[in-house]
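Trainee: Quick one: the structure is below, and I'll ask about it shortly.
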Amino acid sequence: MKDAKEQQDEDIHLAARKGDLKEIQRILSTDPSTLNANGWMGAKPLYYAAESGSLECVQFLLNNGAQVNEPSNESKTTAIFGASTAEIAKLLLENGAELNVISQRGRVPLDYAIQYGHEDVVKVLIAHGANVNYDKGPNFFSTMIQWAIEPARNSRNNEALAESDNSHRVRERIVELLLKAGADPNQTNVYKQTAINKACRFGQLGIVELLLKYGANPNLRDISGDTAFDEAKEHTEILKVLEPFRKDIPLPPRVQCTPEELVQRLLKADADNCDSYSIH
């Protein structure tokens, strides 16, 4: 059974997630120590308020001393990771939020904003100098552009959002924002896949055209030896767009690792991708 303190801590996180300013004010007036209380996986009320989209709640918590760079206990994500609107992102940055802070899994605020389809937040972060070519290292699951290509997810429960013409347009605009800011279209992930490989797999013609415009090479082979042409084999319109860029590149003489090594690398990549799941 929860004691009164535990219940208050839980209540303020629930109020912050709902963007319920009056309830937050009531709880803090009763117990000010809940301001930076740990929620599930150690997330703070300020994170949840940022995620809720309530600028008023974020402002109130900051005014009352919420720590803008206080990380969650487990994933080490700060409030800026949860920012769901441009106004909230700007407010957090104005109050000293670290732009390129790295979570325990090696993720950064920009790839969170990209994954959840927060186009305006992406704009703000890029304008403030976010690294569009951030690379965790050889076991990183997705590049910045690749986060935009994969199905957008709901920041509250990490469920894939229903595909629509609008969501496709948002993804295309985010990819273009990244490319205009200098993102490398040929940056690879752990599977040696480039963004155009993924765009072809998901049948995203508009993104394929954008990537080609900015110098993407559809002939690069991934760890399995596949190119963008292989990924696009079920998408006739994409194949037509790719064809002028085709080059005959022989398969490598051998796979660059043993099957056992490949399995271990892929398992490691999936483990690193656990942080793509929301902390709540």
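Quick note: the coordinates plus some simple rules give every number you see, no bench work behind them. All values derive from a computational prediction rather than experimental measurement. Note: ideal-geometry Cβ built from the backbone for every residue, glycine included; neighbour counts use all protein chains shown.
Trainee: Averaging the inverse of every distinct alpha carbon separation and then flipping it gives the Kirkwood radius. What is it for the stretch 14-60, in angstrom units?
Mentor: Numbers: mean 1/r = 0.0969 Å⁻¹.
Final number for the Kirkwood radius of the stretch 14-60 is 10.3 Å.
Trainee: Compute the FRET efficiency between Asn186 and Glu243 as 1/(1 + (r/R0)^6), taking r as their Cβ-Cβ distance and R0 = 25 Å, and round to the nearest 0.05.
Mentor: E between Asn186 and Glu243, to the nearest 0.05, is 0.85.
Trainee: Residue by residue through the stretch 177-193, which ³J(HN,Hα) values in whole Hz follow from phi under the Karplus form 6.51 cos²θ - 1.76 cosθ + 1.60 (θ = phi - 60°), with glycine and proline marked x?
Mentor: 4, 5, 5, 5, 7, x, 5, 7, x, 9, 5, 10, 9, 4, 8, 6, 8
Trainee: Compute, for the stretch 44-113, the length of the dipole vector about the Cα centre, with Cβ point charges of +1 (Lys, Arg) and -1 (Asp, Glu) only. Units Debye, rounded to 20.
Mentor: With only Lys, Arg, Asp and Glu charged at Cβ, the dipole is about 180 debye.
Trainee: I need the calculated FRET efficiency for the pair Asn36 and Ala127, taking r as the beta carbon distance and R₀ as 25 Å, to the nearest 0.05. List each step's numbers first, then the result.
Mentor: Values: r = 29 Å, r/R0 = 1.15.
Calculated transfer efficiency: 0.30.
Trainee: Right, here's the next one. Once phi is turned into θ = phi - 60°, what whole-Hz ³J(HN,Hα) does the Karplus curve with 6.51, -1.76 and 1.60 give for every residue of the stretch 241-248, x standing for Gly and Pro?
Mentor: 5, 6, 3, x, 9, 5, 9, 7
Trainee: What nm value, rounded to one decimal, do you get for the distance between Asp135 and Glu98 when each label is placed 7 Å out toward the C-beta?
Mentor: Distance between label points: 2.3 nm.
Trainee: Now for a different question. Give me the Kirkwood hydrodynamic radius of the stretch 1-98 in Å, from all C-alpha pairs, to one decimal place?
Mentor: Mean inverse Cα-Cα distance, inverted, gives 12.9 Å.
Trainee: How many nm separate the modelled label positions at Asn64 and Arg26, each set 7 Å beyond the Cα in the direction of the Cβ?
Mentor: In this crude label model, Asn64 to Arg26 measures out at 1.3 nm.
Trainee: Continuing with the same structure: Treat each spin label as a single point 7 Å out from the Cα along the C-beta direction, and report the Glu209 to Asn166 distance in nm.
Mentor: If labels sit at Glu209 and Asn166, their model points lie 2.2 nm apart.
Trainee: Further question: Give me the dipole magnitude in Debye, nearest 20, for the stretch 1-98 about the Cα centre, with unit charges on the beta carbon: positive for Lys and Arg, negative for Asp and Glu.
Mentor: About 80 debye.
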